[in-house]
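Structure record follows, encoded as structure tokens.
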Amino acid sequence: MKPFPSAQKWLLLELLLNLTDQQKIRIGSCAWSFQDWRGVFYPPDLPESRWLEFYANYFPAVEVDTTFHAPPAEDTVRRWVEITPAAFRFTCKLPRQITHTRRLHDCAAELNSFLEAIEPLAPKLEVILIQLPPSFAPKDGRATLRKFVAELPQDFRFAIEFRHPGWHRPQVIRLLEKYRVCWVWADTTPLNERNLAPFEFLPRTTDFLYLRLLGDYATKYDVDGGHVHRYEKLLWKREAALESWSLKIERHFPEVRRVWAFAGNHFEGFAPETCRRFAERLGFELSLPSETEQALSPPGQAQLDLQL
């Protein structure tokens, strides 16, 4: 397997470019393939095979959710690269086979298989997300985590999301700092607290930030397993949360080389609008498709195509 460009080379390039705050931040959604977006974001007659191409003309990045379920086929990965602009970037989740089934234990073969599968994404892949289950606690997982992080390949950048509060310890921060792994900032605030600014344990452990605006997944299904909402418009605004997160990010702009921020539909009901509103709070424009554009073929150039 060919090595990815080293993080040191990317950092040197960006230092030479002297990136502005706007150029440092990449905002996108957690996945792009949602049927509810047809007709409100995607043109109604646009085939699903062209949704990523259309999405990439409005957003500079996306977090790939499908890799959580299984490694992608090589042809699929190559197509992702081919149909997105040169400056477009991907992050992707580590498969659940590693994080939830194996629980980071004895999974070198699975990790290597995954890295080989996503190798064609190398020119545009920036971060691999390690999303741990809430049941993964320090009591049983401390030694496993330490071994897993120590053996991560240096040619990739990783970010890890802890969903058990027991990991909120200084020694865990030092472990991630040692191996240059990013501590993910995730907002899963319940709906009944949506008007409150989030209070979280928010260390910065590396030279980039990774924020996930996820919202309350408890509202996704009803008691019978059916979907409660259609995610095609804002359902509940989280003004205080967006303001709080924008201030937190702005505070760290001088210290980081990149900020990744991804929104899920469950945060406010419609991830594209959350992205637009968040970008606005950070002081720049991220426009969504107009009604005319939704009815036509994708435009020719991305809104935030920085061409780095």
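Beta-bridge orientation, the stretch 166-297: approximately 10 percent antiparallel, per DSSP, counting only bridges with both partners inside.
With contacts taken as Cα pairs under 8 Å and at least 6 residues apart, the chain reaches a relative contact order of 24 percent. Annotation: amide H of residue 40 has no partner in the under-5 Å range at sequence separation 5 or more or interchain, hydrogens built in the peptide plane.
Per the Kirkwood formula applied to alpha carbons, the stretch 164-232 shows a radius of gyration over Rh ratio, Rg over Rh, of 1.09.
As a rough guide to protection, the peptides 69-76, 27-34 ranked by mean Cβ packing within 10 Å, highest first, stand as 27-34, 69-76.
Between amide H atoms placed 1.01 Å from N, distances below 5 Å from residue 89 occur with 61, 62, all of them 5 or more places distant or on a separate chain.
Which of the peptides 251-259, 212-220 is most tightly packed, and how do the rest follow, judged by the mean count of other Cβ atoms within 10 Å per residue? Let's see the in-between values first.
Numbers: 251-259: 14.7, 212-220: 18.4.
Descending mean neighbour count gives 212-220, 251-259.
Rounded to whole numbers, the Karplus 3J(HN,Hα) couplings from phi for the stretch 57-65 are 7, 10, 10, x, 7, 8, 9, 7, 8 Hz, using 6.51 cos²θ - 1.76 cosθ + 1.60 with θ = phi - 60°, and x at Gly and Pro. Close amide H contacts of residue 58 (hydrogens built in the peptide plane, cut-off under 5 Å, sequence separation of 5 or more or a different chain): 303.
In the context of the full set of protein chains, residues of the chain present 46 Å² of accessible surface per residue (probe radius 1.4 Å, heavy atoms only).
Computed over the stretch 14-108, the percent of Cα pairs more than 18 Å apart is 56. GNM remark for the chain: springs join alpha carbons under 10 Å apart, and the peak mean-square fluctuation among 101, 189, 274 falls on 101. Of interest is the spacing of the C-alpha centroids, which for the stretch 108-128 and the stretch 218-267 amounts to 27 Å.
Can you check what the net charge comes to around residue 277, using other residues whose Cβ is under 12 Å from the Cβ of residue 277 (Lys, Arg +1; Asp, Glu -1)? Display every interim value, and only then the final one.
Values: positive: 237, 238, 276, 281; negative: 239, 243, 268, 273, 280, 285.
So the surrounding residues net to -2.
With the helix formula -39500 (n - 2.57) applied to DSSP H stretches of n ≥ 4, the chain reaches a computed 222 nm mean residue ellipticity of -8500 deg cm²/dmol. Computed about the Cα centre, the dipole magnitude for the chain is approximately 1140 debye when only Lys and Arg (+1) and Asp and Glu (-1) carry charge, each at its Cβ.
Across the stretch 102-110, coupling constants 3J(HN,Hα) worked out from phi with the 6.51/-1.76/1.60 Karplus curve, θ = phi - 60°, read 7, 6, 6, 9, 6, 10, 4, 5, 5 Hz, and Gly and Pro carry x.
Of the beta bridges in the chain, as assigned by DSSP with both residues counted there, near 5 percent are antiparallel.
The values are calculated or read from the model by the stated rules, or taken from the named source; none is laboratory data. Worth saying up front: this structure is predicted, and the values here are computed from it rather than measured. Glycine gets a Cβ as well: all are built from the backbone with ideal geometry, and neighbour counts include every protein chain shown. The area values use the complete protein model at the heavy-atom level, side chains included, leaving out ligands, DNA and RNA. Shrake-Rupley method; radii C 1.70, N 1.55, O 1.52, S 1.80 Å.
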